[in-house]
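For reference, the structure discussed in these notes is given below.
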Amino acid sequence: MRKILIAGNWKMNNDVDESLKLAQELSALSDSFDKNVEVLICPPFTSLYAVKRALHGSVIKVGAQNMHYEDKGAYTGEVSPLMLKGIGIEYVIIGHSERRQYFNETDEIVNKKLKSALRYDIIPILCVGETLEQRESNAERETVKNQIFKAFDGIEPSDAEKITVAYEPIWAIGTGRNATSQQANEMAEFIRSCISELYGSEQADKIVIQYGGSVKPDNAGETLCQPDIDGALVGGASLKADEFLKIINYAK
Ligand code: 13P
């Protein structure tokens, strides 16, 4: 059985005080979390250490939204996996479409970051997904397959199964227009078939695949009940404890 992972990507929101407040609100609700669900929050870098400390002993995991692939060195403005590991960070989002789009993150960089996160035992959440133009020209599968093949290039099977994949169609992010549960599941199934092509079906069965893009309390249940979807990567709705709780407890 694959785990269910509900993750909150806070993006560039919340200063330290706001982050601590939200983390503590969530922590206070954690007794009511569905026990089958693993809960993760990804605050901005400036809040990571404080939130990680505040959640000591909590079931809520803490992840970063990005990292550099090098351990250290002359990379002004970057944060290394070693630094994340040093404060107990367990997950890192890699290759989010906003990073690909606004910060020129290529498939090659994404591949290096994945390998680096795995080297430090930080679980990467690899984001893939097509633009609206690509979907409208029926190029969504080709796009996602290309992203998957390039991301997993040179990664050993024993490491590959540790990677979580988040299918985030770009046209559904922050737009209020979520993919239908059928569209989301079809792509999750397709991603699993790509992994199977690379590593075999046993490995593909183990990979956790999330859906992300305008996940809200009122649509989470339908999407998350699909057989190939193992959780959600939530943006806007993860910034309010009560909304995020409803998504965590989608099955209740
Ligand atoms: P929204 O849930 O705000 O659409 O964001 C999705 C996302 O990009 C999560 O990484």
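Read-outs: derived from the displayed coordinates by stated rules, not from any lab. Just so you know, these numbers come straight off a predicted model, no measurement behind them. Neighbour counts run over all protein chains shown; Cβ positions are idealised from the backbone, glycine included.
Past the 18 Å Cα-Cα mark, which pairs from Lys52/Lys85; Lys11/Lys112; Lys3/Lys112; Lys3/Lys61?
Long pairs (Cα-Cα over 18 Å): Lys11/Lys112; Lys3/Lys112.
So who's got an amide H within less than 5 Å of the one on Val215, skipping anything under 5 residues away but keeping other chains? H placed 1.01 Å off N, in plane.
Amide H neighbours of Val215, under 5 Å, 5+ apart: Gly235.
Around Glu130, with a cut-off of 10 angstrom between Cβ atoms, what is the net charge of the other residues, counting Lys and Arg +1 and Asp and Glu -1?
-3
Among 199-208, 68-77, how do they line up by average Cβ neighbours within 10 Å per residue, starting with the highest?
199-208, 68-77
Based on other C-beta atoms within 10 Å, arrange Ser30, Ser116, Ser47, Ser181 from fewest to most.
Fewest to most other Cβ atoms nearby, the residues stand as Ser30, Ser181, Ser116, Ser47.
Which value at 222 nm does the chain reach when only helices count, each DSSP H run of 4 or more adding -39,500 (n - 2.57), with the total divided by all residues and rounded to the nearest 500 deg cm²/dmol?
-12500 deg cm²/dmol
Counting only residues 5 or more places away or on other chains, whose amide H sits under 5 Å from the amide H of His68 once H atoms are built in the peptide plane?
Val79, Ser80
Which distance in Å, rounded to a whole number, links the C-alpha centroids of region 22-58 and region 180-252?
20
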